[in-house]
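The structure under discussion appears below in the form of structure tokens.
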Amino acid sequence: VVGGSSLVAVAYFWISISGVGKQFTFLPDWNVVGGDNSRFGFALLVPMCVGFIHLLRTRQGRAETIWWSVVVAATFGTTIALGFRPIFIGGAVALGLLLMTVAPRLEGVRIPALAVVMVGFLVFLVLAIFKNFGFVSLPIPAEVSLAHGASWRITRDTLKEGMGRTLLGSGPATFPYDFSAHRPETLNQHALWLLRFSAPASEAARLIATIGVLGGTAFVFLLVGSLMWFKRSRDDRAGATTVSLLSRGSLSLWLAVFCMFFLVPFGTVMWVYTFMALAMCEALGGASGRSLRTTQILFDGQSQRAVAVSFGSMLIVAMLVVLSVYLGRSYAGEVHVRMG
């Protein structure tokens, strides 16, 4: 379901920006997630990670491999084409967490697929450092949103109104009122002073402002609960390699979604993904605790060292590329100044 819906969303997005979909006036513009293409890009990171998790499994047929390869290629290519730096940061965080949870134990993991995950992580990391290469220019509308600093200042001022605000917040879906009450004074001198923002720069700022410290603590307990289920899923005696890989992958997916709380405001789709990832952690964690009939596979550590060396080599190459580009820009600027 996740893979199929993501392909439909990606196809609709490309049809919309190409102009073909404009003849259907009853359809929404740009994407099926919401008006902001940044949210759409973050929503694509979840099916991309799900596709990578399935590609890492060794026990699957050719048709399943082709299907998830198409899902990964479509979602990865679309997020790169969107060109938003926060999406690149989110992608690097998501794939980095996947590598951290999968790489320590390589039983039942496809090494070529793991190498692809490493390459994807480095691509997102390099793009996040360079902010925007500018090699793709899509006809998408510009997005205007609050900065993270201004969002957290409004959240802080809202909680400082009183003990009730601190504990319970201003109430669900009331951030527009918080913005009106505590909007920055510098915004009145800006050309966009008439705008009224209905959402902050991140979902974490909105949650703390609207549901207070108690609500924020409840979400921390959700994270702790997922970690407890992951600990329960570790069954070294059974050696359930497939279930173990899926449970570790679901944990990395949940942690990635949790990190996205601090990068982008959520919509309906992202909230569905949040509880879907948490449900996957709980379901697979409980499944791993059962007595399963499995075959134990032992590795001597050579595979782990080989993967570590390969990833380290790719990381060094990426750092050299970044340094070369920055030094090249500085050198070109000096030459232009001296010749100008």
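Distance between the pseudo-spin-label points of THR174 and THR186 (7 Å out from Cα toward the beta carbon): 2.8 nm. The H on the amide N of ARG57, modeled in the peptide plane, is under 5 Å from the matching H of ARG110, each at least 5 residues off or on a different chain.
Summed over the residues of region 78-204 and divided among them, the accessible surface reaches 50 Å² per residue at a probe radius of 1.4 Å. A simple spin-label model places pseudo-atoms 7 Å from Cα toward Cβ; at VAL144 and LEU195 they are separated by 0.5 nm. Note that region 173-189 has calculated 3J(HN,Hα) couplings of 6, 10, 4, x, 6, 5, 5, 5, 7, 10, 5, x, 5, 5, 5, 5, 9 Hz, one per residue in order, obtained from phi through the Karplus relation 6.51 cos²θ - 1.76 cosθ + 1.60 (θ = phi - 60°); glycine and proline are x. The phi torsions of region 55-66, fed into the Karplus equation with coefficients 6.51, -1.76 and 1.60 and a -60° offset, translate into couplings of 5, 6, 6, 8, 9, 7, x, 5, 4, 5, 5, 5 Hz, rounded to whole numbers, with Gly and Pro shown as x. The 3J(HN,Hα) values that the Karplus relation (6.51, -1.76, 1.60; θ = phi - 60°) gives for region 91-99 are, in residue order, x, 5, 5, 5, 6, x, 5, 4, 5 Hz. Gly and Pro appear as x. Each peptide among 246-252, 9-15, 84-90 gets the average number of other Cβ atoms lying within 10 Å of its residues, and from highest to lowest they stand as 246-252, 84-90, 9-15. Once you order the gyration tensor axes a ≥ b ≥ c over the Cα atoms, which shape class does region 115-222 get: rounded for a/c under 1.5, otherwise prolate or oblate by comparing a/b with b/c? Here region 115-222 falls in the oblate category. Using a/c under 1.5 as the rounded threshold, could you call region 43-175 rounded, prolate or oblate? The axes a ≥ b ≥ c are square roots of the C-alpha gyration tensor eigenvalues, and prolate needs a/b larger than b/c, oblate otherwise. Prolate shape, in that a/c is at least 1.5 and a/b is the bigger ratio. Label region 162-225 by shape, choosing from rounded, prolate and oblate, from the square roots a ≥ b ≥ c of the eigenvalues of the Cα gyration tensor; if a/c is under 1.5 it is rounded, and otherwise prolate applies when a/b is larger than b/c, oblate when it is not. Since a/c reaches 1.5 and a/b is larger than b/c, the shape of region 162-225 is classed as prolate. Measuring nothing but how far apart in sequence close Cα pairs (under 8 Å, 6+ apart) lie, relative to its length, region 113-222 scores a relative contact order of 31 percent. Annotation: extensible slack from THR58 through ALA115 equals 19.1 nm (criterion: 0.36 nm per residue apart, minus Cα-Cα distance).
The values are calculated or read from the model by the stated rules, or taken from the named source; none is laboratory data. Values in this document were obtained by computation on a predicted structure and should not be read as measured data. Note that each Cβ is placed from the backbone with ideal geometry, even for glycine, and that neighbours are counted across all protein chains shown. Areas reflect the complete protein model, heavy atoms only, side chains present, ligands, DNA and RNA absent. Shrake-Rupley method; radii C 1.70, N 1.55, O 1.52, S 1.80 Å.
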